[in-house]
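The values are calculated or read from the model by the stated rules, or taken from the named source; none is laboratory data. Treat the numbers as computed from the prediction; the structure is a model and nothing was measured. For neighbour counting, all protein chains shown are included, and Cβ atoms are generated from backbone atoms with ideal geometry for every residue, glycine included. These area figures cover heavy atoms from the full protein model, side chains too; ligands, DNA and RNA do not enter into them. Shrake-Rupley method; radii C 1.70, N 1.55, O 1.52, S 1.80 Å.
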Amino acid sequence: MLVPVLVASITAVAMVVTVLAKPYIEVKKIKIGLYWVVCVLGAILMLVFKGISFKTTIQGITADVSVNPIKILLLFLSMTLLSVYLGDAGFFDYVADRIFIKTHGGKLKLFLILYAVVSILTIFTSNDVIILTFTPPICIFAKKAKISPLPYLLGEFVAANTWSMIFIIGNPTNVYLAGSFGIGFMDYFSVMAIPTIVGSLTALLVLLLIFRKDLSSPIPKIEHIDNSNYHGKIPHKVPLALALIHLSLCIILLALSDFLGVEMWIICVLLALSLTTFDLVYDLVVEKTAKPIIRSLKKEPYELIPFVLSMFIIVLALKECGATNVLNSLLVSENKTDCLKIGFLSAISANLLNNIPMSVLFERIIDGQSISALYGAVVGSNIGAFISPVGALAGIMWNKILAGYNIKLSFAKFMLYGILVAIPTLIATLLTLFVVL
């Protein structure tokens, strides 16, 4: 047991240090995430020092089970492509611009509208996509209007990482954890809908309380956000229609996946391939270029592939040596209170490990024994994301974007706001989940 535990511990510490000190390096104008490089090295060390055999690793990765990491990656990357393509068609820029143009009467109105729109869009896309696409327009608008961007940025970040709980596709952690129990789209939604609503309203109230003075003053009218990718109208109507049709069809089919008897990852992959094919034909025939779909494909979060697979290998080694069984006996009691205990522990652990490795670890700890613990871990993996920048990949990307716009938000300040919002939100969500289960 010593080798797997030692390698896993060193990898976890090294990953957090790289996230805090230097999450990315640039090699020939290509940014490489050091956090996933560290995890790959950890997985290699696990194999080299016989923490797990190569045969067991291959069997674990290729096993025909719902929690198979390859299926989960295909599902999430396919859904991300649909959302990214929607953004490249100008949809998110258009929505952001409409929000800022139509907002008259003060900062509070802008904040509430922005929070509502980000929440709705997160439900049907994903938290990472919304954070990546909405953060730049907020930064640009705040600079132009000469107002503090902090309330709107934190509102966006919290809304995206709260409403990502409501659908199983909202976060890769949802997919991974729910997949371990074979939970379908509608079964997941029936449990998580009310806790998500309660959690989001709680977070909103806390944010309004924190920024009540800042949001009480008016803001000047801004003609448009002057985004370099946007010129006041939707530039690509046919691609936009293709994206909306495919995304809507995907959500509908996912909701019917249990009835149809088709695994969710298959639905997502087929629709991503369909969108790619339709767009490629349109681009080559009408635009005489394949650049639009290539641009969307380049924006895929490919670093998730080595990151998830490496952490899967490391946690699989902990499972094989019996370490996760020990934690299971200590943490899982197979009753409703598991959601409360595991919910808080998973939220804390997400900020020590990042929420994706945490989810891989907790899936093995829960080991299919307690559905209450499973949903508690789902809540912790999402809400834990806004406790610190280490909590989720979204936080790492978000802070990188802010730095690009010269917006300073220190680690300590992020944690201060994060804890103030996360604790009441976590309590409200988990208590509601306890009642629902």
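Brief remarks follow.
- Proximal lysines to Lys408, defined as alpha-carbon separation beneath 23 angstrom and excluding residues fewer than eight positions away on the same chain: Lys22, Lys31, Lys107, Lys143, Lys144, Lys146, Lys213, Lys400
- Cβ-derived FRET efficiency at R0 35 Å, Val27 paired with Leu2, nearest 0.05: 0.50
- Loop-located trypsin sites (Lys or Arg not before Pro) across the stretch 309-372 with a Cβ neighbour count of 15 or fewer within 10 Å are lacking, with loop assigned by DSSP.
- Set of lysines near Lys341 by C-alpha distance (under 28 Å), chain-local residues within fewer than 8 positions excluded: Lys319, Lys413
- Among Asp88, Asp258, Asp64, the residue with the largest mean-square fluctuation in a Gaussian network model of the chain, with springs joining Cα atoms closer than 10 Å, is Asp64.
- Shape of the stretch 101-161, Cα gyration tensor, a/c cut at 1.5: prolate
- Calculated from backbone phi, Karplus (6.51, -1.76, 1.60) coupling profile of the stretch 363-368 in Hz, x at Gly/Pro: 4, 6, 5, 5, 6, x
- Between the stretch 104-132 and the stretch 254-318, the alpha-carbon center distance in angstrom: 25 Å
- Reach of Lys237 by Cα under 27 Å, taken over lysines that are not fewer than 8 positions away in the same chain: Lys102, Lys288, Lys291, Lys298, Lys299
- In a reduced charge model with +1 at each Lys and Arg Cβ and -1 at each Asp and Glu Cβ, the chain shows a dipole moment near 1400 debye about its Cα centre.
- Each peptide in 89-96, 271-278 receives the mean, over its residues, of other Cβ atoms within 10 Å, and ordering these scores from highest gives 89-96, 271-278.
- Helix 185-210 and the longest principal axis of the C-alpha atoms of the chain enclose an angle of approximately 60°.
- Given (i) 25.1, 73; (ii) 21.3, 64; (iii) 20.8, 70, the label whose value is Rg and Dmax of the Cα atoms in Å derived from this model: (ii)
- Rounded, prolate or oblate (a/c below 1.5 giving rounded, otherwise prolate when a/b exceeds b/c) for the stretch 52-185 by Cα gyration tensor: prolate
- Amide proton proximity set for Tyr24, modelled H, under 5 Å, gap of 5+: Leu34
- Highest mean first, the peptides 307-316, 280-289, 189-198 sorted by other C-beta atoms within 10 Å per residue fall in the order 307-316, 189-198, 280-289.
- Rounded to the nearest 500, the 222 nm mean residue ellipticity of the chain from helices alone is -24000 deg cm²/dmol, with -39,500 (n - 2.57) taken per DSSP H run of at least 4 residues.
- Residue-wise HN-Hα coupling along the stretch 165-182, computed from phi with Karplus coefficients 6.51, -1.76, 1.60 (Hz; x: Gly, Pro): 7, 6, 10, 5, 8, x, 7, x, 5, 4, 4, 5, 5, 5, x, 5, 9, x
- Placing unit charges on each Cβ (+1 for Lys and Arg, -1 for Asp and Glu) gives the chain a dipole about its Cα centre, and among Ser180, Ile371, Ser148 the Cα reaching farthest toward its positive end belongs to Ser148.
- Surface share of carbon and sulfur [accessible, 1.4 angstrom probe, percent] for the chain: 71 percent
- Per residue, in Å², the accessible surface of the stretch 296-437 once ligands and nucleic acids are set aside, probe 1.4 Å: 35 Å²
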